[in-house]
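Before any comments, here is the structure.
The values are calculated or read from the model by the stated rules, or taken from the named source; none is laboratory data. No experiment lies behind these values; they were computed from the predicted model shown. When we count neighbours, we look across all protein chains shown, and the Cβ atoms used for this are built from the backbone with ideal geometry, even at glycine. Accessible surface areas use protein heavy atoms only, side chains included; no ligands, DNA or RNA. Shrake-Rupley method; radii C 1.70, N 1.55, O 1.52, S 1.80 Å.
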Amino acid sequence: MPPKHWADLDHEARIEALAELGLPRFRVDQIARHYYGRLEADPLTMTDLPESARVAVRDALFPELMSPVRVLDADDEETQKTLWKLHDGTLLESVLMRYPDRATLCISSQAGCGMACPFCATGQGGLDRNLSTGEIVDQVRNAASTMQRSGGRLSNVVFMGMGEPLANYKRVVSAVRQITRPAPEGFGISQRSVTVSTVGLAPAIRKLADEDMSVTLAVSLHTADDELRDELVPVNNRWSVAEVLDAAAYYADRSGRRVSIEYALIRDINDQPWRADLLGKKLHRALGSRVHVNLIPLNPTPGSKWDASPRERQDEFVRRVIAQGVPCTVRDTKGQEIAAACGQLAAEER
Ligand code: SF4
């Protein structure tokens, strides 16, 4: 784990950490205003702190968590992908996507991923380690600061980068709270504009539902039958499609939010018309109108046997899911030419 950072600590721990440096508790709010409000992580610029304390605060609470290794632009600079190097050399990625009406940051919750989905670049490399809360939160601060410098505002955060967010549960929930609390305790991004994705860790989905947050839950289902899902999403061997959909329905009940179902459409693997019918039926039965399907044309990883479905297959799939009473759209695939499948850039760098 990285050295201790401000964002790893709760309010009481911050008071204690400052007391150890001889600073009174009101400095907690002052520093928080800089970090979450001004998006500044260098205490040397915090001029309302006593000059003599700035270096001590930096050394104790604001280690440099990540430095950019590569920054790639695509889609006329509307998409920016950053590869970060962490203090121990671990690589992670985040992607900033600018749309006319919003700016969305896709962040990583783990370095690598232990879920081993065979069509995913990250899954091939295994799990390096969980990210700390600070490493998750600081991806957001960096992007929010980039947006602020260009006169915009970061409006949405999706946990869809490297890793399985619910496998790093406590740190992800703490990060979500810091992302969504109003300033000066957080970045003030609306909970409804934050999406936490999962491959279907059913007990953790239920736990998240009990946190009383209204973040969007996105379940990467990829097929509605257990036989194929056991292969595409190996964790299905532990929690079946039925268990995952039950947990998703519980989440929809508790949060009052529609659940998003992610489905990477893979040629001749999970794109058959009967699979579209089955998906629509099962979702309608489990979730009624509280669900939306996002089809993702697969972005094939280099050298992989998996490929995207042809356009006609995709259109037919959408039509059939909708015919079962379930809304279904195809996700815009910004950043394809800069290796936007999660983990692809890190895999290339390795
Ligand atoms: S698809 Fe997601 S959960 Fe599966 S291996 Fe890749 S990063 Fe992990």
Dipole of segment 16-144 [Lys/Arg +1, Asp/Glu -1 at C-beta], most positive-end residue of Gln80, Ser67, Pro43: Pro43
Anyone know which of Leu283, Leu221, Leu23 comes out most mobile in the 10 Å Cα GNM of the chain? Leu23
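Evaluate the charge dipole of segment 180-319 about its Cα centre and quote only its size in Debye, nearest 20, assuming +1 on the Cβ of each Lys and Arg and -1 on the Cβ of each Asp and Glu.
Roughly 380 debye for segment 180-319.
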Calculate the spin-label point distance for Asp307 paired with Lys207, positioning each point 7 Å from the Cα along the beta-carbon direction, and give it in nanometres. 4.2 nm
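Full extension from Ser52 to Arg129: what is 0.36 nm times the residue separation minus their Cα-Cα distance, to one decimal in nm?
Here the answer is 24.1 nm.
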Taking segment 126-199, the whole-percent share of alpha-carbon pairs separated by over 22 angstrom is 19 percent
So, with +1 on the Cβ of K and R and -1 on the Cβ of D and E, and no other charges, what is the size of the charge dipole of segment 61-146 about its Cα centre, to the nearest 20 debye? 220 debye
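Run the numbers on segment 263-315 and let me know its relative contact order in percent, using alpha-carbon pairs under 8 Å that are six or more apart. Write out the running numbers ahead of the final one.
Details: 44 pairs, mean separation 28.8, N = 53.
Averaging sequence separation for qualifying contacts and normalising by length gives 54 percent for segment 263-315.
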Between rounded, prolate and oblate, where does segment 1-152 land on the alpha carbon gyration tensor, with a ≥ b ≥ c its root eigenvalues, rounded for a/c under 1.5, else prolate if a/b exceeds b/c? oblate
Dipole size in debye (nearest 20) for the chain around its Cα centre, Lys and Arg Cβ +1, Asp and Glu Cβ -1? 720 debye
Using a 10 angstrom cutoff on alpha carbons, build the Gaussian network for the chain and name the most mobile of Gly256, Gly151, Gly288. Gly151
Straight-distance crosslink candidates among aspartates and glutamates, where the alpha carbon sits under 16 Å from Lys170 and sequence neighbours closer than 8 are dropped: Asp8, Asp10, Glu135, Asp210, Glu211, Asp212
Cβ-based net charge around Glu64, under 12 Å, with every Lys or Arg adding one and every Asp or Glu removing one: -2
Accessible surface, the chain, averaged per residue in Å² (probe 1.4 Å): 42 Å²
If unit charges are put on Cβ atoms (+1 for Lys and Arg, -1 for Asp and Glu) and the dipole of the chain is taken about its Cα centre, the option from Pro203, Tyr169, Leu9 lying farthest towards the positive end turns out to be Pro203
Rounded to the nearest 10 degrees, what's the angle between the helix 169-180 long axis and the longest principal axis of the chain, both from Cα atoms, 0 to 90? 70 degrees
Which of Leu265, Gly303, Gly325 sits farthest toward the positive end of the charge dipole of segment 263-338, with +1 on the Cβ of Lys and Arg and -1 on the Cβ of Asp and Glu? Gly325
Largest fluctuation, Gln110, Gln314, Gln139 only, Gaussian network model of the chain with Cα springs under 10 angstrom, belongs to Gln314
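Taking Cα atoms of the chain, Rg/Rh with Kirkwood Rh, to two decimals?
Using only Cα positions, Rg/Rh for the chain is 0.99.
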At R0 = 25 Å, how high is the FRET efficiency between Glu231 and Lys170 if r is their beta carbon distance? Nearest 0.05 is fine. 0.25
For segment 101-165, what's the relative contact order in percent, using C-alpha pairs closer than 8 Å and at least 6 residues apart? 53 percent
By how many nm would the segment from Arg319 to Glu64 grow when fully extended, if each residue of separation counts as 0.36 nm and the alpha-carbon distance is taken off? 86.9 nm
Between Arg33 and Ser289, 0.36 nm times their residue separation minus their Cα-Cα distance comes to what? 88.1 nm
Set the Förster radius R0 to 45 Å, insert the Cβ-Cβ distance between Asp42 and Ser240 as r into 1/(1 + (r/R0)^6), and round the FRET efficiency to 0.05. 0.40
Give the residues of segment 53-67 whose amide nitrogen is closer than 20 Å to a point set 7 Å from the Cα of Glu16 in the direction of its Cβ. 57-63
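How high is the relative contact order of the chain, given as a whole-number percent (alpha carbon pairs under 8 Å, six or more residues apart)?
14 percent
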Between rounded, prolate and oblate, where does segment 109-151 land on the alpha carbon gyration tensor, with a ≥ b ≥ c its root eigenvalues, rounded for a/c under 1.5, else prolate if a/b exceeds b/c? oblate
